[in-house]
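A short write-up of the structure that comes next.
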Amino acid sequence: LTKKTSVQKKTINPVWNEKMQFPITEDDRRNGVLVFQCFDKDVMGDDDEMGRLSVRVQDLPVWQSYRAWHAWEDGEHAGELEIEVFIVEDEPPQPPKVKAKHHPGGKSVLQQAEEKQRRAAKREQRAAEAELNRKEEGYKEAAR
């Protein structure tokens, strides 16, 4: 899809301030490239390209303005182009669908958390008892 701005006559510092709208497909969002070209207008013959700039659509933010100065890509032509792009999507992005986790035994998340705390408390109790048994065995050994 190509769109043209108005011709800026008799200036070496053209200012366009023109707004254009382009429909962008999902494929364009992933793989598309916006190409900006600047030409000088010749009365006779073909217009001469003064510079070209390419911006990958996937590098542009959605729902916020991207505004920046860019030098021409080829390095041959002097000058820069300031662009401002605002990408609008018809619908805001949807969060990915997540399958609901199955609760073992039909227990709620709260019930599962309480059981987990009880198991942790039992582990701590068993560890304390084992430590006490080791100490008692050590005392018995020392007494012999």
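The values are calculated or read from the model by the stated rules, or taken from the named source; none is laboratory data. None of these values were measured; they are calculated from a predicted model. Cβ coordinates were reconstructed from backbone atoms using ideal geometry, including for glycine residues, and neighbour counts include every protein chain displayed. Ligands, DNA and RNA are excluded from the accessible area calculation, which covers all protein heavy atoms including side chains. Shrake-Rupley method; radii C 1.70, N 1.55, O 1.52, S 1.80 Å.
So what's Rg/Rh here for the chain, counting alpha carbon atoms and using the Kirkwood radius for Rh? Let's see the in-between values first.
Working: Rg = 34.5 Å, Rh = 22.6 Å.
Rg/Rh: 1.53.
Express the relative contact order of the chain as a whole percentage, based on alpha carbon pairs under 8 Å and six or more residues apart in sequence.
Details: 116 pairs, mean separation 17.3, N = 144.
The value is 12 percent.
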Next item on the list: Enumerate the calculated ³J(HN,Hα) couplings along region 73-87 in order (Karplus 6.51 cos²θ - 1.76 cosθ + 1.60, θ = phi - 60°), each rounded to whole Hz, writing x wherever the residue is Gly or Pro.
Entry: 5, 6, x, 7, 9, 7, x, 9, 10, 9, 10, 9, 10, 10, 9
Check: Taking K and R as +1 and D and E as -1, what net charge do the other residues with C-beta under 9 Å from the C-beta of ASP47 add up to?
Finding: -4
Note to self: Helix 109-143 against the longest principal axis of the chain: what's the angle in degrees, Cα atoms only, rounded to the nearest 10?
What the structure shows: 50 degrees
Margin query: Can you compute the modelled spin-label distance between PHE39 and LYS140, with each label point 7 Å from Cα toward Cβ, in nm?
Written below: 10.0 nm
Notebook entry, point to check: Can you work out the FRET efficiency for the pair HIS77 and ASP28, with r the C-beta to C-beta distance and R0 = 35 Å, to the nearest 0.05?
Noted result: 0.80
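Write down the accessible area per residue of the chain in Å², having rolled a 1.4 Å probe over the full set of protein chains. Intermediate values should be presented prior to the final figure.
Values: 13020 Å² over 144 residues.
Accessible area per residue: 90 Å².
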Check: For the chain, with the dipole built from +1 on Lys and Arg beta-carbon atoms and -1 on Asp and Glu ones, taken about the Cα centre, which of ILE87, GLN125, PHE39 lies farthest toward the positive end?
Finding: GLN125
Notebook entry, point to check: Contour minus end-to-end for GLN8 and LYS122, with contour as 0.36 nm per residue of separation and end-to-end as the Cα-Cα distance?
Noted result: 32.9 nm
Check: Which of GLU114, GLU49, GLU89 moves most in a GNM of the chain, Cα contacts under 10 Å?
Finding: GLU114
Next item on the list: Return the carbon/sulfur percentage of the accessible area of region 44-90, one whole number, probe 1.4 Å, all protein chains in place.
Entry: 45 percent
